[in-house]
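Data block below; observations after.
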Amino acid sequence: VQLQASGGGLVQAGGFLRLSCAASGRTFSNYVMGWFRQVPGKEREFVAAISWRVRDTFYTDSVRGRFTISRDNAKNTVYLQMSSLKPEDTAVYYCAADSGSWRPNQYYYGMHYWGKGTLVTVSS
């Protein structure tokens, strides 16, 4: 599956931004989808995941309550709505796909497929 993230940009602290990730190549609805982020010099960090049929979502603690992951299987797209943004949310954001079963605690270690990232910069 090929993934392409978009929607990054510069936003002030407290603001909001919505990232999109378009998928192609395989049956999108078969995959768990996720978002990760990476700051230069640091390891990639899990942000959020959503199960195939939108019944389950999982977030890392630092974004829970501020970010919302969603997906539209008809459009082969996954979204990350980010609100109450903080400067520490600044990172390159990547979408990812996992072909396995729903296993949220494992996503901290990564997923199977990765797209190119989109930069989010939050100014103070």
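The values are calculated or read from the model by the stated rules, or taken from the named source; none is laboratory data. Note that the coordinates shown come from a computational prediction; the quantities given were computed from them, not determined experimentally. When we count neighbours, we look across all protein chains shown, and the Cβ atoms used for this are built from the backbone with ideal geometry, even at glycine. In case anyone asks, the SASA skips ligands and DNA or RNA and just uses the protein heavy atoms, side chains included. Shrake-Rupley method; radii C 1.70, N 1.55, O 1.52, S 1.80 Å.
Only residues in the range 35-47 that are within 15 Å of Pro87 (Cβ to Cβ) count as the first member; pair them with residues that are of a type in the set (D, E, K, R), Cβ under 6 angstrom, at least 6 apart or cross-chain, and list the lot.
Arg37/Glu45
Yes/no per residue for (1) among the hydroxyl-bearing types (Ser, Thr, Tyr); (2) over 15 Å from Gly115 (Cβ atoms); (3) in a loop (DSSP other than H, G, I, E, B):
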{"position": "Leu3", "(1), (2), (3)": "no, no, no"}
{"position": "Leu10", "(1), (2), (3)": "no, yes, no"}
{"position": "Gly14", "(1), (2), (3)": "no, yes, yes"}
{"position": "Leu19", "(1), (2), (3)": "no, no, no"}
{"position": "Trp35", "(1), (2), (3)": "no, no, no"}
{"position": "Gly41", "(1), (2), (3)": "no, yes, yes"}
{"position": "Phe58", "(1), (2), (3)": "no, yes, no"}
{"position": "Ser62", "(1), (2), (3)": "yes, yes, yes"}
{"position": "Arg71", "(1), (2), (3)": "no, no, no"}
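So which residues in the range 73-106 are open to solvent by less than 40 Å² (accessible area, probe 1.4 Å), farther than 15 Å from Phe16 by Cα and in a helix (DSSP H, G or I), if there are any at all?
Answer for the range 73-106, where residues must be open to solvent by less than 40 Å² (accessible area, probe 1.4 Å), farther than 15 Å from Phe16 by Cα and in a helix (DSSP H, G or I): just Pro104.
What are the pairs with Cβ atoms under 6 angstrom where one residue, in the range 93-118, is within 16 Å of Ile69 (Cα to Cα) and the other, located anywhere, is open to solvent by 60 Å² or more (accessible area, probe 1.4 Å) and outside any strand (DSSP E or B)? Sequence gap at least six, or different chains.
Qualifying pairs under 6 Å: Asp98/His112; Trp102/Asp56.
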